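J.: Have a look at the structure that comes next, please.
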Amino acid sequence: MDRARNQLLTWCEVDLAAIRRNLRTFRELLPPAAGILFVVKANAYGHGLELLAAEAASLGADWLGVHQVDEAAAARRAGWSGPLLVMGYTPQALLPEAAGLDLDFTVYDGATIHALEALGRARARPIRCHLKVETGTYRQGIALEELPHYLDLFARSPGVALHALSMHFANIEDTTDHSYAMAQLARFREFLDQAATRGLRLHPHAACSAAVLVFPGETAFALARVGIGAYGIWPSRETLASTAARTGQPVRLHPALTWKTRVAEVKSIPAGAAVGYGGSHRTTRPTRLVVLPVGYSDGYDRRLSNLADVLIRGRRAPVLGRVCMNMIMADATDHPAVEVEDEVVLLGRQGDEEIRAADLASIAQTIPYEIVSRISPSIPRVTPDQRIVAPGGSSRSG
Ligand SMILES: *Cc1c(COP(=O)(O)O)cnc(C)c1O
């Protein structure tokens, strides 16, 4: 794709300076020795993996974290040469290619460690592994009883190097009661104590955004894995409340993403008209309707039908009727000056109005993570200097 911005139907503008500020805020919360692993899985939570991988060093990331090898390859192609952790499972068949990308791997099974050991030996440089441990999330991780076995395995496997023990919190953002998180942390310390008796020098990591915001000192260890907060989005209302209670001083995060589209059609329809599929909205007055070329296939959730607003000329305009696959309709009756090709904000700020990921999440009965991460990767991401980063690697100034 090679398009000027005025040729785009829908696009996301990504404010790199906001991400830089947010990462600086996390840096200030963390103990000085802790590094930041910037989590860029799921197309950088919808913000554009290629764009952010290319800029990651200047944004203040020490590490990048991805879910899978394809994302790691994209980050390498975009120019990130620093440490890069794959946090999800890597199929055996992909390990040779993955090892060639100089990645760190999250491991929790013998088969993966054996395969990496052979690859590390072949290249005569050990492959770094982060052994994930089970502290009560029951997603990935080895049990405490298994730790001696794994430490033995690493001790006799020169092709792999045990770099870290890691864990993930199950219940730190959804609550202001952090007793379960603290129990997980205590469990993690049992793993670390056992490893310490062997004299291993490891780089433990446990924290996600909410952990840093609420318990920076206790959860940081060597590295914090920061995702949602780096993008300027609070993990939850509970995290916001807990952070304010802890610091007494609100931490400020700056949303980095503005999702835009443009008016494709303006028309007048009568009172009593049934708008869209199923006729789920019936107008109560003569209505100025705008048609916007974005829909659920672009990631604009169908549950926003009849409930969300968009911003046109700095003011709210309600979505009317059901969200279609590629279109939505909105009520611009109170925006008399609206014209075809006017910019419309679906998410973000326009004038004095703002629609936050959390607002759309509460309407769609989900979490802000899902709202941003499901914005289609095929939508171009545009930097403030107007560089268009299109899916598939091409970019241009326009
Ligand atoms: C996604 C993820 C994170 C980042 O969590 P945020 O809440 O977005 O900061 C950290 N660690 C792991 C293992 C993850 O999968």
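The values are calculated or read from the model by the stated rules, or taken from the named source; none is laboratory data. Model, not experiment: these values are computed from the prediction. So basically every Cβ, Gly included, is an ideal-geometry build from the backbone, and we count neighbours across all protein chains shown. Just so you know, the surface numbers come from the protein's heavy atoms only, side chains and all, with ligands and any DNA or RNA stripped out. Shrake-Rupley method; radii C 1.70, N 1.55, O 1.52, S 1.80 Å.
J.: Of all residues in the stretch 224-255, which are open to solvent by 60 Å² or more (accessible area, probe 1.4 Å) and under 26 Å from Leu49 (Cα atoms)? Steps first, answer last, please.
T.: Step one: list which residues in the stretch 224-255 are open to solvent by 60 Å² or more (accessible area, probe 1.4 Å), which gives 237-238, 240, 245-246, 248-250, 252.
The answer is Arg252, and nothing else.
J.: Oh, and also: Every residue in the stretch 91-115 that is part of a helix (DSSP H, G or I) and open to solvent by less than 40 Å² (accessible area, probe 1.4 Å), please.
T.: Leu95, Ala98, Ala99, Gly110, Thr112, Ile113, Ala115
J.: For the stretch 192-224, enumerate the residues that are assigned to a loop (DSSP other than H, G, I, E, B) and near the ligand (Cβ under 9 Å from one of its atoms). Show your work before the answer.
T.: So the first thing to find is which residues in the stretch 192-224 are assigned to a loop (DSSP other than H, G, I, E, B), and the list is 198-204, 208, 215, 220-222.
Scanning the stretch 192-224 gives a single hit, Cys208.
J.: Could I ask something else about it? Would you say Leu23 is among the aliphatic types (A, V, I, L, M) and assigned to a strand (DSSP E or B)? Explain how you work it out, then say what you get.
T.: On the way: among the aliphatic types (A, V, I, L, M): yes; assigned to a strand (DSSP E or B): no.
Spelling it out, it is not the case that Leu23 is among the aliphatic types (A, V, I, L, M) and assigned to a strand (DSSP E or B).
J.: If you don't mind, there's one more thing I want to ask. Is there a residue being charged (D, E, K, R) and under 22 Å from Ala206 (Cα atoms) anywhere in the stretch 56-65?
T.: Keep residues of the stretch 56-65 that are charged (D, E, K, R), which gives 62.
Then drop every residue that is not under 22 Å from Ala206 (Cα atoms), which leaves 62.
Yes, some residue in the stretch 56-65 is charged (D, E, K, R) and under 22 Å from Ala206 (Cα atoms).
J.: Quick check on my filter: what residues within the stretch 138-160 are surrounded by 16 or more Cβ atoms within 10 Å (Cβ to Cβ), of a type outside the set (Phe, Trp, Tyr) and touching a helix residue (DSSP H, G or I) at 6+ places or on another chain (Cβ under 8 Å)?
T.: Once the filter is applied, which keeps residues that are surrounded by 16 or more Cβ atoms within 10 Å (Cβ to Cβ), of a type outside the set (Phe, Trp, Tyr) and touching a helix residue (DSSP H, G or I) at 6+ places or on another chain (Cβ under 8 Å), the stretch 138-160 yields Ile142, Leu147, Leu151, Leu153, Ser157, Gly159, Val160.
J.: Right, here's the next one. Just to check your reading of the model, which residue among Ala118, Ala181 is more than 23 Å from the chain's Cα centre (by Cα) and outside any loop (DSSP other than H, G, I, E, B)? Steps first, answer last, please.
T.: Details: Ala181 fails: more than 23 Å from the chain's Cα centre (by Cα).
None of the others qualify; the one that does is Ala118.
J.: I need the full set of residues from the stretch 173-205 which are touching a residue at least 40 places away in the same chain (Cβ under 8 Å), open to solvent by 20 Å² or more (accessible area, probe 1.4 Å) and small (Gly, Ala, Ser), in order please.
T.: If the condition is that a residue be touching a residue at least 40 places away in the same chain (Cβ under 8 Å), open to solvent by 20 Å² or more (accessible area, probe 1.4 Å) and small (Gly, Ala, Ser), then Ala183 is the only one that fits.
J.: Let me ask something additional. Where residues in the stretch 10-28 are within 23 Å of Val251 (Cα to Cα) and out of contact with any Gly (no Cβ under 9 Å at 6 or more places or on another chain), which of them is farthest from the ligand (Cβ to nearest atom)? Outline the logic, then answer.
T.: Of the stretch 10-28, the ones within 23 Å of Val251 (Cα to Cα) are 14-28.
Then keep just the ones that are out of contact with any Gly (no Cβ under 9 Å at 6 or more places or on another chain); that gives 16-17, 28.
Working: Leu16: 18, Ala17: 20, Glu28: 16 Å.
My answer is Ala17.
J.: For Ala124, state whether it is away from the ligand (no atom under 13 Å from the Cβ) and at pLDDT 95 or above. Spell out the reasoning first.
T.: Values: away from the ligand (no atom under 13 Å from the Cβ): yes; at pLDDT 95 or above: no.
Here the answer is no, as Ala124 does not meet what is asked.
J.: Scan the stretch 32-44 and report the pairs whose first residue is closer than 17 Å to Arg21 by Cα and whose second residue is within 13 Å of the ligand (Cβ to nearest atom) and in a helix (DSSP H, G or I), with Cβ atoms within less than 7 Å and a gap of 6+ or a chain change.
T.: Close Cβ pairs (under 7 Å, with a partner that is within 13 Å of the ligand (Cβ to nearest atom) and in a helix (DSSP H, G or I)) amount to Ile36/Leu23; Ile36/Phe26; Phe38/Leu23; Phe38/Ala230.
Table: residues versus (1) over 28 Å from Asp15 (Cα atoms); (2) in contact with a strand residue (DSSP E or B) (Cβ under 6 Å, 6 or more places away or on another chain); (3) at pLDDT 95 or above.
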site	(1), (2), (3)
Arg282	yes, yes, yes
Leu292	no, yes, yes
Val319	no, yes, yes
Arg322	yes, no, yes
Asp331	yes, yes, yes
Ile355	no, yes, yes
Asp359	no, no, yes
Tyr369	no, no, yes
Asp385	no, no, no
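J.: Follow-up question, since we're still on this one. Every residue in the stretch 225-252 that is over 14 Å from Ile172 (Cβ atoms) and under 11 Å from the mean Cα position of the chain (by Cα), please.
T.: Going through the stretch 225-252, the residues over 14 Å from Ile172 (Cβ atoms) turn out to be 230-233, 244-245, 247-252.
Selection gives Ala230, Tyr231, Gly232, Ile233.
J.: With the structure loaded, tell me whether Thr261 is within 26 Å of Leu49 (Cβ to Cβ), hydroxyl-bearing (Ser, Thr, Tyr) and away from the ligand (no atom under 16 Å from the Cβ) or whether it fails that test.
T.: Numbers: within 26 Å of Leu49 (Cβ to Cβ): yes; hydroxyl-bearing (Ser, Thr, Tyr): yes; away from the ligand (no atom under 16 Å from the Cβ): yes.
The answer is yes for Thr261.
J.: For the stretch 60-108, which positions are more than 23 Å from the chain's Cα centre (by Cα) and within 16 Å of the ligand (Cβ to nearest atom)?
T.: Hit for the stretch 60-108 is Tyr108, nothing else.
J.: If I filter the stretch 270-281 for residues that are open to solvent by less than 50 Å² (accessible area, probe 1.4 Å), closer than 29 Å to Ile379 by Cβ, within 16 Å of the ligand (Cβ to nearest atom) and of a type in the set (Val, Ile, Thr), do I get at least one hit?
T.: no
J.: Being more than 15 Å from the ligand (Cβ to nearest atom), touching a Lys or Arg at 6+ places or on another chain (Cβ under 9 Å) and not β-branched (Val, Ile, Thr) narrows it down to one of Ala186, Ala161, so name that one. Spell out how you get there, then give the answer.
T.: On the way: Ala186 fails: touching a Lys or Arg at 6+ places or on another chain (Cβ under 9 Å).
Of the residues listed, the single one that is more than 15 Å from the ligand (Cβ to nearest atom), touching a Lys or Arg at 6+ places or on another chain (Cβ under 9 Å) and not β-branched (Val, Ile, Thr) is Ala161.
J.: Next up: What about Gly278, is it assigned to a helix (DSSP H, G or I) and more than 24 Å from Asp352 (Cα to Cα)?
T.: Details: assigned to a helix (DSSP H, G or I): yes; more than 24 Å from Asp352 (Cα to Cα): yes.
Taking the combined requirement at face value, the residue satisfies it.
J.: On the basis of being among the small types (Gly, Ala, Ser), touching a residue at least 12 places away in the same chain (Cβ under 8 Å), surrounded by fewer than 23 Cβ atoms within 10 Å (Cβ to Cβ) and within 16 Å of the ligand (Cβ to nearest atom), does Ala170 make the cut? Spell out the reasoning first.
T.: Values: among the small types (Gly, Ala, Ser): yes; touching a residue at least 12 places away in the same chain (Cβ under 8 Å): yes; surrounded by fewer than 23 Cβ atoms within 10 Å (Cβ to Cβ): yes; within 16 Å of the ligand (Cβ to nearest atom): yes.
Taking the combined requirement at face value, the residue satisfies it.
J.: While we're looking at this one, here's another question. Within the stretch 149-163, identify whether any single residue is within 23 Å of the chain's Cα centre (by Cα) and more than 17 Å from Arg225 (Cβ to Cβ), and answer yes or no. Let's see the steps before the verdict.
T.: Going residue by residue through the stretch 149-163, those that are within 23 Å of the chain's Cα centre (by Cα) are none.
Within the stretch 149-163, not a single residue is within 23 Å of the chain's Cα centre (by Cα) and more than 17 Å from Arg225 (Cβ to Cβ).
J.: Quickly run through the stretch 140-176 and pick out the residues that are in a helix (DSSP H, G or I) and farther than 20 Å from His114 by Cβ. Don't jump to the end; show me each part of the working.
T.: Going residue by residue through the stretch 140-176, those that are in a helix (DSSP H, G or I) are 144-155.
Scanning the stretch 140-176 gives Leu144, Glu145.
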